[in-house]
C-alpha cells in the first residue's frame, strides 16, 4: 500500500492552474489503481482555501495546506521547507506534482532531504497488478523508458499535456494547516516582483491551441533573389497576435544570429523545439519554411495534428512526417491568412 500525495502550488489568484489539475488526474488514477492507497492533497500558497474549494470533490482523504505571505511567491528556501513539511505530515510514499518551473527548481532538493528519489519529465504514471510505473522520454524523445523504483518517497514531476485536467465540482473544503517554522535564513531572499513582456509581445504560450514553427527559410533569399527578414518578422508577429498561437523555431534559425546572418529579432533559444529545445504539447501545429529534418520532427512528437507549408515537394515533411503539407510559398500563404484573420476579427 502507498500513500499518494498530490502536491501543488497556487496561482496568483489562489486557484490551481491547468498543469496542477492534470497532475491531480494522474494522482487520482494512481490511487484508484493501487488498492487501499489513500490520496492526500498538499497545497502551498499565500491563501490555499480557494484551491482547496476548487478540488473539494476530488476524493482526497484530506487536504493539507501551508499558507501565508511567505509562501505566496516562488522562492526555493521557503518552498523546500513547505514541501518537506507536507510530505512528512502526509507520511507520503508517492508524491505527484506538476512539472512547473516552480516545482522543477525545488523538488529534487526536497527528495534529497527526505532520502527519496525523483523522476522529472514524466509523460505517464500507471499502476497495474500492484506495481507502479512511470513513463518518460530520453535523448530528446528518441527513446521511451518505463521506470519502477522501490525507494520511497518517490517524487514524480508530470509534464503538462500528458493527462486531462481534472474538472470536478467545486465545494467547501476543510484544510488542515501544516505549521512551518521559518528561520531568518529561509527569508533572506526577497521577491520584489515579476518581470514579464506585455501580452502582445509574449511569443511562448504553452496553453495555445496552435504551435506555429518558423524555419530557416524565412530569412533565406526569396524568388526575387533578396532576403526579406523584416517582412518575415512582420508577417509572423501579425499572425501570432491575430491567432494567439505560440511560436516555435528550428535550431537552424535560432543559431543564425551567431553566424552573422539575418535573424528574426524576437526569436531566442527559448523558442527552439526539437534537438536541444523544448517538446511542446499543443493540439495543432503548423510548420513553415522548415526542412522537415528528423531532429526537428522529434520535437513535435506530442502535437496532435501536424501541418506544414513548403515550396519543396520532396521536403522531409512530405514523407509521412506531417498530416497535411501545402506546397506553396509561406510568405504568400501567411500574408493571405493574416488578411482573412483581420477581416474575421472586424
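Values for this structure:
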read-out	value
For region 199-345: rounded, prolate or oblate by the Cα gyration tensor [a/c cutoff 1.5]	rounded
Rounded Å value of the spacing that divides the Cα centres of region 111-163 and region 263-287	25
Computed Rg/Rh of region 143-236, alpha carbon atoms with Kirkwood Rh	1.14
Over region 4-177, relative contact order from alpha-carbon pairs under 8 Å, at least 6 apart, %	31
Beta bridge orientation in region 199-345: antiparallel %, DSSP, nearest 5	5
Value of [θ]222 nm, deg cm²/dmol, for the chain, DSSP H segments ≥ 4, -39500 (n - 2.57) each, nearest 500	-8000 deg cm²/dmol
Overall form of the chain per C-alpha gyration tensor (a/c, 1.5; a/b vs b/c)	prolate
Acute angle (nearest 10 degrees) that the helix 229-243 long axis makes with the longest principal axis of the chain, alpha-carbon atoms	50
Protection proxy ranking, peptides 325-336, 89-100, 116-127, average beta carbon neighbours within 10 Å, highest first	89-100, 116-127, 325-336
Which of 212, 302, 266 has the fewest Cβ neighbours within 10 Å, and the rest in rising order	266, 302, 212
Span from the region 323-346 Cα centroid across to the region 28-79 one, whole angstrom	45
Share antiparallel - DSSP beta bridges, the chain, percent rounded to 5	20
Normalised convex hull volume, region 4-177, alpha-carbon set, Å³ per residue	105
The chain, relative contact order in percent, only Cα pairs under 8 angstrom and at least six apart counted	15
Degrees between helix 330-345 axis and first principal axis of the chain (Cα, 0 to 90, nearest 10)	60
Three-way shape call for region 1-75 based on the alpha-carbon gyration tensor, with the a/c threshold at 1.5	prolate
Label-to-label distance, nm, for residues given as residue 187 and residue 69 (7 Å Cα→Cβ offset)	0.9
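Just so you know, all these numbers are worked out from the coordinates, no wet-lab data involved. Note that this is a predicted model, so its numbers are computed, not measured. Backbone-built Cβ (ideal geometry, glycine too); neighbour counts: all protein chains shown.
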